[in-house]
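Encoded as structure tokens, the structure appears first; notes follow it.
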Amino acid sequence: MRMPRLTALLTATAVFVSAFTAYAFPLAAQAAEEVHVLNWKGYGADEPWAVANFEKATGFKVVNDFFNSEQEMLTKIRTNPGLYDVVMINAAFNDQAMAGKLIQPIDVSKLSNYADIAKDKAGSPMLDHDGKVYGVPWVWGLTALAINDKSFDKPPTSIAEMWNPAHKGRVIIRDDAVEAVQFGALASGQNINDIKDLEAVKAKLTSLMPQIKTFWSSENDWNQMVASNQIDIGTYWSGSADRAKTHFKLPVSLVIPQEGSVAWLDAFSIPVGSKNVAGAEAFINYMIDPKFYVEWVTKVGAPVSANTKAVEALPGDAFNRKVMGDPEVAKRIQFQAPITDEQREKYLALWQELKVNVK
Amino acid sequence: MADQLAIGSRRGLRPALPLLLPAYLWLTVAIFLPLSAMVFFSFMTDLPLAGKEWSFTLGNYAAFFSQSLYSKLLLASLRLGLEVTLWCVVIGYPAAYVLAKVLKGRSREAIFLLVILPFWSNGLVRIFSWAMVLREGGILDTALNAVLPFKINIDLMYSYPAVIIGLVHSYVPYMVLTCYLTLQAIDDSLIEAGRSLGASRRQVLWRVIVPLSMPGLIAGSALIFVPVVGSFMEPRILGGRTGTFYGTVIEDQFVAVFNWPLGAALSFILLAVVLIILALAAPVLRRAG
């Protein structure tokens, strides 16, 4: 008990202090040539080589800050008005940020790479409101299945493989309420954005629980499980599966089941009150540039760029081009739409109940 | 006489004030203020951040009582706390006795070092090393199969026993240290007197040694029980799908879903329950002592 309370206290103090300083010193000294970026850690924007290239090309200095959950990201831009210039927001959360007047319209005519972004992504109603662009599509990917190649002669095609008794105790899923519920929706043949029968989802997930070895929360968990041959199959992100295979040389293959997959789209926005809009525009333009993308894929492994020219710049057999660009795959995937707070809480309650009933 | 005493103690207090001041200042800034903030948060509908509506509510506390989930988890955590404490007594008390009464000099120092060693290593490192030992094909599995003539399959990872093992390992030094202090203070002549008056070894243990070392046992148990009930790191990493406990749910509220008010309310309910248990147990234990 000591540990969580102490951590909580420290964070509470930090939030209080930052809230007060934000009120008291709205014009806190911030050099104009700095670009403050808020993103997940280890997600492209903080790659040292990328930062160095951008700084050399534009003269701006990049200051990275990170979040651990979308809720934390929203809180950070809410409590620090004027601190951030660029923020990476999942398209499903763009609505909420715009409605809270946290982000401003982006003048896309200043972004030379914007014209190359796939039309279905650039015109997404999740990012554009009243003819104005509130988010520049960056990358997209899938939450699909991944398998341990050692456990399969032939990759499975159906999501039902997760329930196969042969894999009892060798299945893994992520400890995330929304992802779990949407996965259950796919397995019970429903639309992930319009779940009509939550009971069916619950029944599906309840029967999955005895199959599960543990819950993963980071890529590292997943990769270690495969490396020590402890799992056969589990939910995984497409970019991570690619990274596991190409970068870490693990026996991992992505499977996009016939029932479909959850797709997500990540986009860059500019918070209201940004002190360096020009720097923000330059940074976003750099992030969607084919040159950066190819380097990111080759050096680290990445999701699929929203920029069609960037994807075309990859070699023909690249996973992000061959598999993710397959029109057959495009038909099967469902993009995550915004989720209301009530839904989120309902999903969390369901997920927690499932986890507790395992005991 | 009484007046003189009062004056004397006041005189004693005043020069002591500058000495106490840093400690109290630190307590106020680092403990009291944030804790008050957390109490405040626990009665809110949302965090009081720029642009967000919030009001006072009892809803966060009501959530605990309206959903059986939380009480079920709290019971599971209390059970975990009791089991870990029990194992710590079983393992720690005999070790403390040997340290205090049997070993002397160098060998005592060496054993002491081994007992305290876990304190010097990082908690996360300890847990991850257990993960390497306990999993299928791990160190324990491989070692046992290399020695035993028949094939056994040991996969303790991601199970309730794994959580117990990890927690007992982390907390047993508290029990050894507190019991050692009280056991060492027992005068050997009391034990000799008991023996010479005809008590068996067992009688001496139960009638002399255990009662006299009870304060150490109680202190150690409280030191272990309280943090274990709220533990979240060990269950999360070692427990797998069975690793959901009260502490992990509180952690989720703060880290994953960012519902600080509910997380704060759940923490204070835990604090209240633990205080009630300790208060109820105190007279019983005191009588036993």
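Quick one: is B:I127 within 14 Å of chain A (Cβ to nearest Cβ), β-branched (V, I, T), touching a residue at least 60 places away in the same chain (Cβ under 8 Å) and in a helix (DSSP H, G or I)? Steps first, please.
On the way: within 14 Å of chain A (Cβ to nearest Cβ): yes; β-branched (V, I, T): yes; touching a residue at least 60 places away in the same chain (Cβ under 8 Å): yes; in a helix (DSSP H, G or I): yes.
Yes, satisfied.
This table checks each residue for (1) in contact with a strand residue (DSSP E or B) (Cβ under 7 Å, 6 or more places away or on another chain); (2) surrounded by fewer than 17 Cβ atoms within 10 Å (Cβ to Cβ); (3) at pLDDT 90 or above.
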site	(1), (2), (3)
A:T75	no, no, no
A:T79	no, no, no
A:N90	yes, no, yes
A:F93	no, no, yes
A:L102	yes, no, yes
A:L111	yes, no, yes
A:A115	no, yes, yes
A:K119	no, yes, yes
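Taking A:D85 as the residue in question, decide whether it is open to solvent by 40 Å² or more (accessible area, probe 1.4 Å), more than 12 Å from chain B (Cβ to nearest Cβ) and in contact (Cβ under 8 Å) with a residue 40 or more places away in the chain.
no
Search the range A:275-299 for residues being small (G, A, S) and open to solvent by less than 20 Å² (accessible area, probe 1.4 Å), and hand back the single one that is farthest from A:R321 (Cα to Cα). So that I can check it myself, show each step before the final result.
First, pick out the residues of the range A:275-299 that are small (G, A, S): A:278-280, A:282.
Now narrow it down to the ones that are open to solvent by less than 20 Å² (accessible area, probe 1.4 Å): A:279-280.
Details: A:G279: 30, A:A280: 28 Å.
The qualifying residue farthest from A:R321 (Cα to Cα) is A:G279.
If you take just the helices (runs of 4 or more DSSP H) that sit entirely in the range A:250-359, which of them hold at least 1 residues that are within 26 Å of A:V226 (Cβ to Cβ) and touching a residue at least 24 places away in the same chain (Cβ under 8 Å)? Spell out the reasoning first.
Numbers: elements: A:277-287, A:290-299, A:308-312, A:319-322, A:327-332, A:341-357.
Fully inside the range A:250-359 and qualifying: A:290-299, A:319-322, A:327-332, A:341-357.
Residues in the range B:207-218: is at least one surrounded by fewer than 22 Cβ atoms within 10 Å (Cβ to Cβ), facing chain A (nearest Cβ under 10 Å) and either outside any loop (DSSP other than H, G, I, E, B) or in contact (Cβ under 8 Å) with a residue 12 or more places away in the chain (or both)?
Step one: list which residues in the range B:207-218 are surrounded by fewer than 22 Cβ atoms within 10 Å (Cβ to Cβ), which gives B:207-212, B:214-215, B:218.
Pick out the ones that are also facing chain A (nearest Cβ under 10 Å) and you get none.
Within the range B:207-218 (the criterion being surrounded by fewer than 22 Cβ atoms within 10 Å (Cβ to Cβ), facing chain A (nearest Cβ under 10 Å) and either outside any loop (DSSP other than H, G, I, E, B) or in contact (Cβ under 8 Å) with a residue 12 or more places away in the chain (or both)), the answer is no, since none of the residues qualifies.
Can you tell which of B:F232, B:F225, B:F258 is open to solvent by 10 Å² or more (accessible area, probe 1.4 Å), facing another protein chain (nearest Cβ under 7 Å), aromatic (F, W, Y) and closer than 18 Å to B:I165 by Cα? Break it down into steps so the answer makes sense when it comes.
Details: B:F225 fails: facing another protein chain (nearest Cβ under 7 Å); B:F258 fails: closer than 18 Å to B:I165 by Cα.
Going through B:F232, B:F225, B:F258 in turn, just one is open to solvent by 10 Å² or more (accessible area, probe 1.4 Å), facing another protein chain (nearest Cβ under 7 Å), aromatic (F, W, Y) and closer than 18 Å to B:I165 by Cα: B:F232.
Take the range A:209-238 and flag every residue that is within 9 Å of chain B (Cβ to nearest Cβ) and in a strand (DSSP E or B).
If the condition is that a residue be within 9 Å of chain B (Cβ to nearest Cβ) and in a strand (DSSP E or B), then A:I212, A:K213, A:T214, A:F215 are the ones that fit.
If you check B:Y174 against the conditions, is it away from chain A (no Cβ under 14 Å), within 19 Å of the chain's Cα centre (by Cα) and assigned to a helix (DSSP H, G or I)? Before the answer, list the steps.
On the way: away from chain A (no Cβ under 14 Å): no; within 19 Å of the chain's Cα centre (by Cα): yes; assigned to a helix (DSSP H, G or I): yes.
No; evaluated as a whole, the condition is false for this residue.
Take the range B:148-165 and flag every residue that is in a loop (DSSP other than H, G, I, E, B) and open to solvent by 40 Å² or more (accessible area, probe 1.4 Å). First the steps, then the outcome.
We begin by selecting, within the range B:148-165, every residue in a loop (DSSP other than H, G, I, E, B); these are B:148-159.
Result: B:L148, B:P149, B:F150, B:K151, B:I152, B:N153, B:D155, B:L156, B:Y158.
Among the residues of the range B:111-127, is any open to solvent by 70 Å² or more (accessible area, probe 1.4 Å) and among the charged types (D, E, K, R)?
No, that holds for no residue.
The values are calculated or read from the model by the stated rules, or taken from the named source; none is laboratory data. Quick caveat: nothing in here was measured; it's all calculated off a predicted structure. For neighbour counting, all protein chains shown are included, and Cβ atoms are generated from backbone atoms with ideal geometry for every residue, glycine included. In case anyone asks, the SASA skips ligands and DNA or RNA and just uses the protein heavy atoms, side chains included. Shrake-Rupley method; radii C 1.70, N 1.55, O 1.52, S 1.80 Å.
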